[in-house]
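Heads up, the thing below is written out as C-alpha cells.
The values are calculated or read from the model by the stated rules, or taken from the named source; none is laboratory data. Predicted model only: the values in this text are computed from it and were never measured. Cβ atoms come from the backbone with ideal geometry, glycine included; neighbour counts cover every protein chain shown.
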Amino acid sequence: MSAKPAVTLPILPGATLGILGGGQLGRLFTLAARSMGYKVIVLDPDAASPAGQMADVHLQADYSDRTALQQLGAACAAVTTEFENVPAASLVELARHCRVSPDASAVTIVQDRSHEKSWLRDKGFATAPFALIDNEDALVAALATTGTPALLKVSRLGYDGKGQARVDTLDAARAAFREFGGQPCVLEGFVNLQCEVSVVLARNDAGECVLFPLAENRHVNGILDISIVPARVSEQLAEKARTMAREVAHQLGYVGILAVEFFVAGDRLLVNEIAPRPHNSGHFTLDACVTDQFEQQVRALVGLPLGESRLMSPVAMVNILGDRWHNGGPHWATLLAHPNIKLHLYGKEAARPGRKMGHFNVLDADPAAALALAEQMRDAL
Ligand code: AMP
C-alpha cells in the first residue's frame, strides 16, 4: 500500500472528516463539523443511523470491514470515533491512511473494564474496590473482600447499566455471573456515594488541556437522568477532580475528547469510568458553553487551537428516553413553550425503553431555578 500522506495541521474547512459510529454522539459531531465547513463521512452498519442522516456520506459497513476502512481512510484527512467499542485494529488500519484521534492504545485500555480498572490502579488513581473475575472461584474470593452489596459488571460492551447486576448474596453473585455467560467481569464494592461528577476535557497534540466545567450527574437505573452545572461540590473537590482528569489524559498520552466520571464519597474522589469521546454528561455544553464538546472534538481532531470552555449560564440537562413514547409520545408543546429550554432530538425512529432519544438543556441564571424547571419538565413530558 502507498505511504501515508503527511498531514499539514490544522486541517481546514473544506476537508473531509470521518467518524466511526453513527449514534447521537456521531450525529452531534457531524453537525458541528458540517457547520464549520467540513465534509463528514460516517461509518456505521445501521442504515438508519442518527449520524448517517446528517452526513455527506454514510458508509454502511461493519467497523472491521477492511474495504470500508480503506475507503474511509483514503477519503478523509482525519478520523475520530464516537464510541469505545470500535475494534482497535480498525483504528490501527485507519492510521495507515490518515490522522486518527484518539489512537488505538488509549481506546484499547478504556474499552475493557478490567483493563481500565487495572490501569487506573497501576497509575495510582483511586477507584471503588474491585477484583477481576473470570471464574466462580475468583468470584467467591472477591466477594469475601468486597463484602455485599457489590456490583458485578461485564468487562466488555456494557453500557447504561446493561451488563451490570447488584448482588447482595454469594448465590446472587453466582447467578449473575452465569447469566452473563461466565464472561470476564469486574466485581466492585458498593460505594456509599454522595454524588457523581464528571469532567469532559480536550487534549491536543502539544499536551494542552481545556476542561469543561464539572457536571453533577444523577442516574436512574444506571442511566444518566440529569446533569447539573455547575456541580454543587466544594471548589476544593472540583479542583481535585480537574487535576485527576487532566492527569488521566496525560497518562494516556491522549489526543481528543475524554470524559472522566467520578464517585464522590465523603472527601474522596474515586474514578468510575473513562470514555474516549464526548459524553452524555457533556451535552450541557451544546447550549451553555462558549465552545461545545463536539466543536471541541472537531478542533482537537483537525489540530486547531482548542476552544474556550467557559460556562455562559448555569444549566440542567435532562435525557429523554424511549419510555416517554408509551402514551402517545412526549408533550413537546409543553416543553417548547419555555423560552429557556433547548431541545435536541437524535432522529431515532424506534423508541425503546431506556433508549436515549434526545435531551434538553434548561438555562437559567439561577441554578436552582434551572434544576427545578428541568425536573418539572422531565415529569411533565
Ligand atoms: P457504570 O456503568 O459503571 O458507570 O454504572 C452506572 C451507575 O451505577 C453509576 O453511575 C452509579 O450511579 C452506579 N454504580 C456503579 N458502580 C457503583 C459502585 N461501585 N457503587 C455504587 N454505585 C455504583
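Of all the criteria given as (1) touching a Phe, Trp or Tyr at 6+ places or on another chain (Cβ under 9 Å); (2) within 12 Å of the ligand (Cβ to nearest atom), the one not satisfied by Ser155 is (1). Among the residues of region 185-221, those that are part of a loop (DSSP other than H, G, I, E, B) and surrounded by 15 or more Cβ atoms within 10 Å (Cβ to Cβ) comprise Phe190, Val191, Leu193, Asn204, Phe212, Pro213, Leu214.
In a residue-by-residue description of region 187-208, the property of being away from the ligand (no atom under 16 Å from the Cβ), touching a strand residue (DSSP E or B) at 6+ places or on another chain (Cβ under 8 Å) and within 30 Å of Ala368 (Cβ to Cβ) applies to at least one position.
Exactly one residue among Gly307, Gly303, Gly266 is at positive phi and more than 16 Å from the ligand (Cβ to nearest atom), and that residue is Gly303.
Within region 85-105, no residue that is on the phi > 0 side of the Ramachandran plot sits with its Cβ atom under 8 Å from a residue that is surrounded by fewer than 23 Cβ atoms within 10 Å (Cβ to Cβ) and of a type in the set (Val, Ile, Thr) at 6+ positions apart or across chains.
Please list, ordered by first then second residue, the pairs with beta carbon atoms under 8 Å, 6 or more apart or interchain, first in region 123-145 and in contact (Cβ under 8 Å) with a residue 40 or more places away in the chain and acidic (Asp, Glu), second more than 16 Å from the ligand (Cβ to nearest atom) and assigned to a helix (DSSP H, G or I). Pairs found: Glu136/Arg174; Glu136/Phe177. Annotation note: of Arg299, Arg277, the sole residue that is at pLDDT 95 or above, touching a strand residue (DSSP E or B) at 6+ places or on another chain (Cβ under 9 Å), under 29 Å from Lys153 (Cα atoms) and outside the structural domain of Gln164 (by TED's automatic domain parsing) is Arg277. For region 312-337, the set of residues classified as touching a helix residue (DSSP H, G or I) at 6+ places or on another chain (Cβ under 8 Å) and surrounded by fewer than 16 Cβ atoms within 10 Å (Cβ to Cβ) consists of Met312, His331, Thr334, listed by residue number.
Of the strands (runs of 3 or more DSSP E) lying entirely inside region 222-300, those containing at least 3 residues that are farther than 18 Å from Arg113 by Cα are 223-229, 256-265.
Among the strands (runs of 3 or more DSSP E) contained in region 122-184, which hold 1 or more residues that are modelled with pLDDT under 95 and surrounded by 13 or more Cβ atoms within 10 Å (Cβ to Cβ)?
Working: elements: 130-133, 150-154, 164-167.
In region 122-184, 164-167 are the strands (runs of 3 or more DSSP E) which contain 1 or more residues that are modelled with pLDDT under 95 and surrounded by 13 or more Cβ atoms within 10 Å (Cβ to Cβ).
Can you tell which of Leu120, Leu139 is more than 26 Å from Lys240 (Cα to Cα) and more than 9 Å from the ligand (Cβ to nearest atom)? Can you show your working first?
Details: Leu120 fails: more than 26 Å from Lys240 (Cα to Cα).
Answer to the check: Leu139.
Of the strands (runs of 3 or more DSSP E) lying entirely inside region 16-83, not one carries at least 3 residues that are modelled with pLDDT under 95 and either closer than 21 Å to Arg299 by Cα or in the same structural domain as Asn319 (by TED's automatic domain parsing) (or both).
So, Leu306, is that one part of a helix (DSSP H, G or I), buried (at least 16 other Cβ atoms within 10 Å of the Cβ) and touching a residue at least 24 places away in the same chain (Cβ under 8 Å) or not? Taking the combined requirement at face value, the residue does not satisfy it.
If you go through region 287-303 and pick out every residue that is farther than 18 Å from Pro102 by Cβ and crowded, with 21+ Cβ neighbours inside 10 Å, you end up with 3.
Here is a yes/no grid of residues against (1) out of contact with any Cys (no Cβ under 7 Å at 6 or more places or on another chain); (2) not acidic (Asp, Glu):
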| site | (1), (2) |
| --- | --- |
| Gly18 | no, yes |
| Gln24 | yes, yes |
| Arg27 | yes, yes |
| Val40 | yes, yes |
| Asp65 | yes, no |
